[in-house]
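Worksheet for the structure shown next.
The values are calculated or read from the model by the stated rules, or taken from the named source; none is laboratory data. Quantities reported herein were computed from a predicted structural model and do not represent experimental measurements. Reconstructed Cβ throughout: ideal geometry from the backbone, glycine too, with neighbour counts over all protein chains shown.
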C-alpha cells in the first residue's frame, strides 16, 4: 500500500490552482490598442503638438502639453468613453477631433479645424497611450 504525505495536494486541486493563476494573468494583460485604419501615430503626435492640444490637456509624449482646462489624456487608449458619453471607438474619436460640437452639442472642446485625415492620425496616437 502506498502512503502519501497528508500535506500533499491532490492533482485536481493543483490543476484548479494553475487554471486560476492563468485566468488571473490573462485578466491583468492590457488589451491591444485600438487600431485606426490609415492612422499614423507618429504623425498624430506631431499634429497634436501643431494644433496645441496641450494648451488644454496634459498629453504624455507631447512637448509642453501640460494644460489642465481639459482632462489629462494619459491612458486614453484604455478609456471607455470620449467626453464622458461617446463610446471610445476609432470612427467616433475621428469625428470628435474633427468637429466636437457636431458630436456633442454644447461641448467646451473647440473646433480647431482638424481635417478627417489629420483626426485619424491624432486618434492613432491617442490610442497608443495605454
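Just so you know, in the range 114-130 the residues that are in contact (Cβ under 8 Å) with a residue 40 or more places away in the chain and in a loop (DSSP other than H, G, I, E, B) include one that is farthest from residue 62 (Cα to Cα), and it is 114.
Restricting attention to the range 66-85, the residues that are crowded, with 16+ Cβ neighbours inside 10 Å and over 19 Å from residue 45 (Cβ atoms) add up to 1. Residues in the range 28-47 include at least one that is within 20 Å of the chain's Cα centre (by Cα), modelled with pLDDT under 95 and part of a helix (DSSP H, G or I).
For the range 78-112, a residue qualifies if it is assigned to a loop (DSSP other than H, G, I, E, B), over 14 Å from the mean Cα position of the chain (by Cα) and under 16 Å from residue 122 (Cα atoms), and the qualifying residues are 99, 109, 110, 111, 112.
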